[in-house]
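Worksheet for the structure shown next.
Bear in mind that the values in this text are calculations on the coordinates, not laboratory data. Since the model is a prediction, treat every value here as computed from it, not as a measurement. Cβ: placed from backbone, ideal geometry, glycine included. Neighbour counts: every protein chain shown.
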Amino acid sequence: MKKIFLIVFSVLLIDQILKVYIKTHFELGSGVSIFPFFWIFFIENPGMAYGFYLGIGYNGKILLSIFRLFLVLLIFFFLYKNMKKESSDSLIIPTSLILSGAIGNFLDSALYGLLFDTGTIYSEKHHKWIPYLGKSKINFFFNEKGYASFMEGCVVDMFYFPIIDTHFPNWIPFFGGFHFQFFKPIFNIADISIFIGVILFFIYRNKIGNVKFL
């Protein structure tokens with residue numbers, strides 16, 4: 001149990017401290033280059049990974065937040081059952097990492113609309129998400145109006161790895177002039193935790209043994 005708590009607490013602490021710092025010190029759409037292939041670049045994601053949505057506007061946003069909450073509870077239940085069965089660390093550690101990442105992104109969706117004074121909001125008139133200018137201020141005690149309601153916040157992302165960013169020469173058939181970029185997605189510590197957890201599942205799948213789902 002201590003091991004699980006330590007993993008979840010550590011990931012959440014680093015994830016949330018970094019997100020709050022980025023949100024309050026960077027302007028949306030701005031960043032700094034650490035290396036040519038590695039940037040800290042601040043964006044807000046109202047949807048899922050790769051820009052997927054579960055619906056339009058705030059209805060879709062709330063549906064996504066509920067889905068994230070359901071996922072957190074499902075992973076927690078799975079972890080609890082297998083912890084009672086004294087499953088090996090090959091199962092417990094990856095699951096704890098995935099749970100940590102799921103909680104981290106859920107907290108953004110659930111609370112950031114209340115916690116910060118500005119954020120990306122949905123325009124019913126233009127049917128799209130509208131960014132903002134300037135930096136955000138944090139409302140520690142929720143005694144001031146935030147930029148959105150409960151479950152309507154946006155996830156903060158900041159890690160950007162444009163390892164390849166080039167244009168194909170115009171003389172190349174079909175692809176001439178095409179802009180090619182790898183790796184394009186921007187992500188956060190919670191996403192990294194989920195990714196590492198999934199990779200560990202595949203690496204140690206032969207050591208996991210029997211898994212208790214119910």
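Among the trypsin sites (Lys or Arg not before Pro) within the stretch 82-151, those in coil by DSSP and having at most 10 neighbouring Cβ atoms inside 10 Å are Lys125, Lys145. When Ser96, Ser90 are sorted by how many other C-beta atoms sit within 10 angstrom of their C-beta, beginning with the fewest, the order is Ser90, Ser96. What are the DSSP H helices in the chain that stretch 24 Å or more along their long axis, judged by alpha-carbon atoms, and whose average Kyte-Doolittle hydropathy comes to at least -1.0? Those that pass (Cα extent of 24 Å or more, hydropathy at least -1.0) are 2-25, 57-84, 89-115.
For a straight C-alpha distance cut-off of 15 angstrom, the aspartates and glutamates reachable from Lys81 (same-chain residues fewer than eight places away being disregarded) are Asp89. Shown here for the stretch 37-119: chymotrypsin sites (Phe, Trp or Tyr not before Pro) in loop regions (DSSP other than H, G, I, E, B) with at most 11 other Cβ atoms within 10 Å, namely Phe52. Relative to the globular-protein estimate of 2.2 N^0.38 Å, the Cα radius of gyration of the stretch 1-74 stands at 1.39.
Legend: distances between Cα atoms for Lys23/Lys125; Lys128/Lys184; Lys2/Lys137; pairs beyond 23 Å are Lys23/Lys125; Lys2/Lys137. When Thr120, Thr24, Thr95 are sorted by how many other C-beta atoms sit within 10 angstrom of their C-beta, beginning with the fewest, the order is Thr24, Thr120, Thr95. Averaging 1/r over each pair of different alpha-carbon atoms in the stretch 36-141 and inverting the result gives 16.1 Å, the Kirkwood hydrodynamic radius. Decide, for the stretch 88-197, between rounded, prolate and oblate: order the square roots of the alpha carbon gyration tensor eigenvalues as a ≥ b ≥ c, take rounded if a/c falls under 1.5, and otherwise choose prolate if a/b is larger than b/c, else oblate. Here the stretch 88-197 falls in the oblate category.
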